[in-house]
Each structure stands twice: as C-alpha cells, then as structure tokens.
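Only one structure is covered here, and it is reproduced in the block below.
Just so it is clear, none of the values below were taken in a lab; they were calculated from the coordinates. No experiment lies behind these values; they were computed from the predicted model shown. Methodologically, a virtual Cβ is constructed for each residue, glycine included, from the backbone with ideal geometry; neighbour enumeration extends over all protein chains shown.
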Amino acid sequence: MSNLVLGIDIGGTNTGFALVDEYGKIHFKENLATLNYVEFIDLAKHIFSIIANAVSTNSELLMPISIGVGAPNGNYFRGTIDFAPNLRWEGIVDVKYAFDKFFHVPTCVTNDANAAAMGEHRFGSAKGMNDFVIVTLGTGLGSGFFVNGKLMYGHHSYGGEMGHIIVESEGRPCGCGRKGCLETYSSVTGLKRNLLELISSGSESELIDFKLEDLSGKMIEEAAGRGDKASLEAFEMAGKYLGKAMANVAAITDPEAFILFGGLAQAKELIFKPTTYHFQQNLLEIFKNKIKVLPSALSGNNAAILGAAALAWDSVL
Ligand SMILES: [Zn+2]
C-alpha cells in the first residue's frame, strides 16, 4: 500500500478533493458545493469526515501524509486565502489552521495557477523542466512561473500575475480596477468581449443577437468551427494579445516552454495558432523557434486537484 496525499481544489462553486499517490493516480475522489459552508472550518471538517469514513471502509486507502490546497488568492507563505473575490468567505481565511485541526499533517496552500504549474511539473507536460510558464485561460487569466526548478512566489506570495499585465493603456476595464489588462482580451471572458466588440464594429456573425452573459466560450468555438467571421477574429484577437505578452515574458524569464491550460486552451488550434504566430513574431531573435508552446497534459476535470496534490507531495518528498 503506497502513501497518499490529499489534493483539494477550492473553487467558487465546487470544491473537489482526492487521495492521490506519488504517480498522480487518483484513489478516491469527491466533490462538495463550496457555497454550502458558511464558515471555512465547516468545509474542512466535512472533508475530514468523508476521508476518514472512506479510509475506514476501504482497506486500499490510507489517511493522507500531507495536504495541498489550490484556491483563488491562496497565500503559500501564510497558508491562507486572502480576500478572494469569488469565494463566499471574506477577508483572510486560515486554511492551514482549519486542516491542521482535523488532519494533523502538513498543509500547503497556493493559488490555482501555481497549483496547476506544480501539477504540470510533477505529472504533466512540464515533467523534467526547470523553467516554464503555465498560463491558465479560464474566466480570468492566471499564470504560474517555474524558475531555476522552483515555483516563483515572489516576496508577498502574489508573484506571476500575467493576467494583469497592461496591454492597452486606455483599454477595457478590468476586475482589478485598472484598464487594459491582458485577461480582458485573452481569457474566456476576454474572448466574449472580443466578439461583441468585433460585431459592434461591423464584423458578421451568427451570434449577433447574443449578450455577454448569454455567450459561452464553447459557443464561440463552435461558431468559429463553422467559419463564423467574427468568432474567428475573436480568437485571433485573443491570440494576438496573448502571444505578444508571452514574448515579453520570455524576454524576462527565458523559459523552455509555455503551457496553455483551461477552457480557452481546449479550443486547440483556434487559440494555439494565433498565439504561437504572434508569439514568434514578437520574440527576441535569440529565442526564435526555441521556446515551445504546449497544451496541458493533465485531463481537464482532475487537473486542478492533481496540481494541489503535487503541492502536497512537494512538501514531503
Ligand atoms: Zn487587471
């Protein structure tokens, strides 16, 4: 029987958690509705009771030797979630304290993009790489940086926020309160905003009657697949901003690869083609054709949990 860790992915709607071995195999997995827990400690308590129950009824399972938590605004240094806008708990949530109380094993916390980077490094596309950048293209745009074989946390644990690089000086308003951030153009939300802007400036589209809240990334992807003009242009626009920003980032960190992850990355060539094109166009000559742009190798549903599990393994191996 091999040792297991507990990987926990806390999202605004769902909290997924699993017992994972050192090869990335999931031995037990469960989901809870995050919104049902008024206090964070009640969520930790419920996770503990589910795991303890599973271990007592299944002889193949063991209690975890460590815990990794990926969450929006997860703070690695303090083991907390700090002022996460999309979670129901306000202020600073002491995640490490809550899990210590029940499990009595080491608990590490980080933000979702850093957890994704850890997962990709231990189990996925970045195995064996010392320098790479993961870009998560979901509702927002997150990123995690591996530099010299280590995750880059920065001085305050807020490092690697590529989504808030300003790419247009008087650009679109961003959730962070500023204007023109990369994530307002190159995320699922950015893609939708691209489409609506293109339609309003006259580009033809079968999606002309939809509002922002009624659109999904999948709808634009499918329309683009049918050759819809504005949808194809919306992907081109997302790829243009993203590729250019990646070229700028490459000038600073000189990575072996960029790994694209999340909903928008699942549109495959629709996003990879324009991103790679504009990336190469804007790269410093010394980096041309040397830096890979890869899809994530972790399966979509479990990727975030595996990332959190990788963080847990990292704390004990
Ligand atoms: Zn921003």
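Just a few scattered comments:
- Over the stretch 243-292, the pair-distance histogram of Cα-Cα distances with 10 Å bins from zero comes to 26, 56, 17, 0 percent, rounded to whole numbers.
- When the square roots of the Cα gyration tensor eigenvalues are ordered a ≥ b ≥ c, the ratio a/c for the stretch 1-119 is 1.5 or more and a/b exceeds b/c, which makes its shape prolate.
- Computed magnitude of the charge dipole of the stretch 1-140 (debye, nearest 20; Cβ of K, R +1, Cβ of D, E -1): 100
- Overall, the chain carries a charge dipole of about 400 debye about its Cα centre when +1 sits on the Cβ of Lys and Arg and -1 on the Cβ of Asp and Glu, all other atoms neutral.
- Our compactness index for the chain, the C-alpha radius of gyration over the empirical 2.2 N^0.38 Å, is 1.02.
- Net dipole in debye of the stretch 158-317 [+1 Lys, Arg Cβ; -1 Asp, Glu Cβ; about Cα centre; nearest 20]: 260
- Selection among THR34, PRO72, MET118 by position relative to the dipole of the stretch 1-128 gives MET118 as farthest towards the positive end (Cβ unit charges, Cα centre).
- Between helix 40-57 and the chain: long-axis angle, C-alpha atoms, 0 to 90°, nearest 10: 60
- Here's the list of lysines a cross-link from LYS45 could span, going by alpha-carbon distance under 23 Å and ignoring same-chain residues fewer than 8 apart: LYS29, LYS96, LYS101.
- Other residues whose C-beta falls under 14 angstrom from the C-beta of HIS164 contribute a net charge of 0, scoring Lys and Arg +1 and Asp and Glu -1.
- Taking the alpha carbon gyration tensor of the stretch 207-287, multiplying each eigenvalue by 5 and rooting it gives semi-axes of 28, 12, 10 Å, largest first.
- The chain: angle of helix 269-282 to the longest principal axis, Cα-based, in degrees nearest 10: 70
- Computing Rg and the Kirkwood Rh from the Cα coordinates of the stretch 167-317 gives a ratio, Rg/Rh, of 1.01.
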